[in-house]
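Only one structure is covered here, and it is reproduced in the block below.
The values are calculated or read from the model by the stated rules, or taken from the named source; none is laboratory data. As the structure is a prediction and not an experimental result, all values here were calculated from the model. Methodologically, a virtual Cβ is constructed for each residue, glycine included, from the backbone with ideal geometry; neighbour enumeration extends over all protein chains shown. Accessible surface areas use protein heavy atoms only, side chains included; no ligands, DNA or RNA. Shrake-Rupley method; radii C 1.70, N 1.55, O 1.52, S 1.80 Å.
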Amino acid sequence: MTDPSAAIGLHIKLERTQRGWSLAELAERAGVSKAMISKIERGEASPTATVLGRLSGALGLALSALLALAEQSTERVSRRSTQTVWQDPETGYTRRSISPSGGGVLELLEVELPAGVRVPYPASAFSFQHEQILVMENTLLFIEGSVEHRLEAGDCLQLGAPEDCVFVNPGDLPCRYLIALVRR
């Protein structure tokens with residue numbers, strides 16, 4: 001497994017500077033403090049899922065783009081032992097990038113949401129991608145705006161128009177699900 005923490009910070013800084021934005025401008029657009037963004041960019045702090053969602057929305061990038069390592073590959077096989085895994089330091093939520101790093105139109109992610117955990121994302125984090133969620137184990141409560149979807153193992157949800165969303169594990173066991181993303 002590869003830890004993407006340093007690559008996340010470098011990628012955020014690169015995206016910010018390419019846009020000619022100051023730390024203050026990104027902070028205002030994302031609703032994240034300048035101090036936190038600075039720590040993330042320097043690799044001194046690992047961002048939470050909520051912070052990454054806000055930053056990705058402000059930058060107009062898929063969350064997975066912030067989690068991708070800078071390296072690109074022509075490999076068409078992604079071995080589990082080398083897949084990038086990111087863990088939210090606040091909740092323990094883990095996100096594994098399953099797809100080969102060479103790119104493509106479809107991206108697959110495996111997520112494990114610990115029992116009782118709630119992870120919110122702003123609508124802006126969903127505005128540039130189509131997304132489906134397939135629950136593999138246990139139960140996921142997915143709140144999409146004002147609509148609640150209770151998904152059990154084997155259930156698949158296609159997200160609608162971008163809205164503020166919350167991933168919730170209401171159970172006593174970790175919930176494991178797959179996310180399939182296609183850029184709009």
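So the values come out like this:
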quantity: Residue list for region 163-184, restricted to those being basic (Lys, Arg), within 15 Å of the chain's Cα centre (by Cα) and part of a loop (DSSP other than H, G, I, E, B); calculated: none
quantity: Scan of region 161-184 for residues that are open to solvent by 40 Å² or more (accessible area, probe 1.4 Å) and either without any contact (Cβ under 8 Å) to a residue 60 or more places away in the chain or of a type outside the set (D, E, K, R) (or both), ordered by number; calculated: 161, 162, 163, 164, 170, 172, 173, 174, 178, 182, 184
quantity: Residue ranges of strands (runs of 3 or more DSSP E) in region 94-160 with at least 2 members hydrophobic (A, V, I, L, M, F, W, C) and within 26 Å of residue 77 (Cα to Cα); calculated: 106-113, 129-137
quantity: Residues of region 67-87 satisfying the condition of being at pLDDT 85 or above and open to solvent by less than 40 Å² (accessible area, probe 1.4 Å); calculated: 78, 83, 84, 85, 86
quantity: Candidate set from region 154-184 (those that are among the β-branched types (Val, Ile, Thr) and modelled with pLDDT of 95 or more); member that is nearest to residue 51 (Cα to Cα); calculated: 166
quantity: Positions within region 11-66 being open to solvent by 20 Å² or more (accessible area, probe 1.4 Å), touching a helix residue (DSSP H, G or I) at 6+ places or on another chain (Cβ under 7 Å) and among the hydroxyl-bearing types (Ser, Thr, Tyr), in sequence order; calculated: 33, 38, 46
quantity: Residue in region 16-28 that is hydrophobic (A, V, I, L, M, F, W, C) and under 21 Å from residue 123 (Cα atoms) present; calculated: yes
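Residues checked against (1) open to solvent by 20 Å² or more (accessible area, probe 1.4 Å); (2) over 15 Å from residue 177 (Cα atoms); (3) at pLDDT 95 or above; (4) not hydroxyl-bearing (Ser, Thr, Tyr):
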position	(1), (2), (3), (4)
108	yes, no, no, yes
123	yes, yes, no, yes
135	no, no, yes, yes
151	no, no, yes, yes
